[in-house]
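Heads up, the thing below is written out as structure tokens.
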Amino acid sequence: MTTPDTVATARSKPKLRPGDRIFSGSALTAGTLILAILAGVAGFLMIESVPALTTDPDDIHILDGEPFWSYVAPLIFGTLWSATLALIMAVPVAVGIALFISHYAPRRLAQTLGYIVDLLAAVPSVVFGLWGGNVLAPAVQPAYTWLTENMGWFPLFAPPASGTGRTILTASIVLAVMILPIITALSREVFLQTPVLHEEAALALGATRWEMIRTAVLPFGRSGIISASMLGLGRALGETMAVAMVLSASGGITFAVLTSSNPGTIAANIALRFAEAFGTNITLLIATGLILFAITLVVNMLARWMIGRRKEFSGAN
């Protein structure tokens, strides 16, 4: 005998078709696999990093007798400093390009620019490294000399200027160019999803196109801009070959961006030293990789928190 409760249960749980079961199972498997791989990578880095943290620094050739954190601190600073400079340069330009493509450019021009942006995102990093080291660095060196001579009182432009142009600022410019297509493409897609009713309502109230963008488009796309920026920051933090080919690292911590004394980055340091490392030197480099892994994880968690604060805003509201 059927009761109202059994009827309600049957209605709330419709029978799944085979395609639904396959899709649900494959999605669950993929999500679980990602978590398993992430946990495996984290476990491998932790286990392999223990010898570097417990061994006497005198027995590790790369350390040259200095403490572990004294060796890693400049690399952490250089990684964060170069990525931050790249983000500061890339985000305003990327948002401007995305707004031009989505709200200002004619349809044909917007489609062409969209294809070009997507194509730039697929360029290998070694190409950017070759361009930065052989073209950009010599071209900007005279500008660096002028800045140190005329604005050397500002700490970022403290003299002396590098004679080669291979500075942390040049590496940051290359990183900015590399992450520019990613931020632009994602921001463009977010701006195109702005509810048309919001835009038309702003225009109907007498707003100019820029006022409509400022009051309707940008608030709607703020979480998307943050997501795109954090994705670009993640690539800048982990970029290896482009930085290794452009930056002339000498160690130390300094905010000056035009001198020949430049801090290195974790990823570039691993790439340059891993081939000739042996024994505990390898575990030391793996330990620095664990730190980079932790930095990337913290950045992503911070991005999720910032996006969560904007979750209550929805185009349907």
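The values are calculated or read from the model by the stated rules, or taken from the named source; none is laboratory data. Fair warning: this is a prediction, and the values are worked out from it, not measured in the lab. As a convention, Cβ positions derive from the backbone with ideal geometry for all residues, glycine included, and neighbour counts pool all protein chains shown.
In the set A171, A158, only one residue is at pLDDT below 90 and in contact with a helix residue (DSSP H, G or I) (Cβ under 9 Å, 6 or more places away or on another chain); that residue is A158.
Within region 255-276, the set of residues being assigned to a loop (DSSP other than H, G, I, E, B) and surrounded by fewer than 18 Cβ atoms within 10 Å (Cβ to Cβ) comprises F255, S260, S261. In the set P138, P92, P142, only one residue is without any contact (Cβ under 8 Å) to a residue 60 or more places away in the chain and under 20 Å from L233 (Cα atoms); that residue is P92. Residues considered: G221, G232. Of these, the only one that is surrounded by 19 or more Cβ atoms within 10 Å (Cβ to Cβ), of a type in the set (G, A, S) and touching a Leu at 6+ places or on another chain (Cβ under 7 Å) is G232. The single condition among (1) under 21 Å from the mean Cα position of the chain (by Cα); (2) surrounded by fewer than 16 Cβ atoms within 10 Å (Cβ to Cβ); (3) of a type outside the set (D, E) that I182 does not satisfy is (2). Sort out which residues of region 158-217 are over 30 Å from A137 (Cα atoms) and either assigned to a loop (DSSP other than H, G, I, E, B) or touching a Gly at 6+ places or on another chain (Cβ under 6 Å) (or both), and write them in order of number. If the condition is that a residue be over 30 Å from A137 (Cα atoms) and either assigned to a loop (DSSP other than H, G, I, E, B) or touching a Gly at 6+ places or on another chain (Cβ under 6 Å) (or both), then V190, F191, Q193, T194, P195, L205, G206, A207, T208 are the ones that fit.
Of G163, G133, which residue is loosely packed, with under 13 Cβ neighbours inside 10 Å and touching a residue at least 24 places away in the same chain (Cβ under 8 Å)? So that I can check it myself, show each step before the final result.
Values: G133 fails: loosely packed, with under 13 Cβ neighbours inside 10 Å.
On inspection, the qualifying residue turns out to be G163.
Criterion applied to P51, P92, P74, P14 was being part of a helix (DSSP H, G or I) and either touching an Asp or Glu at 6+ places or on another chain (Cβ under 8 Å) or at pLDDT below 85 (or both), and the one residue passing it is P51. Of note, S250 satisfies the criterion of being among the small types (G, A, S), at pLDDT below 85 and under 24 Å from R166 (Cβ atoms). Taking residues in region 21-47 that are touching a residue at least 40 places away in the same chain (Cβ under 8 Å), and partners anywhere that are surrounded by 10 or more Cβ atoms within 10 Å (Cβ to Cβ) and of a type outside the set (F, W, Y), the pairs with Cβ atoms closer than 7 Å and at least 6 places apart or on different chains are L45/I286; L45/G289; L45/L290; M46/L290.
For S261, work out the one condition from (1) closer than 18 Å to L80 by Cα; (2) modelled with pLDDT under 85 it doesn't fulfil. Among (1) closer than 18 Å to L80 by Cα; (2) modelled with pLDDT under 85, S261 violates only (2).
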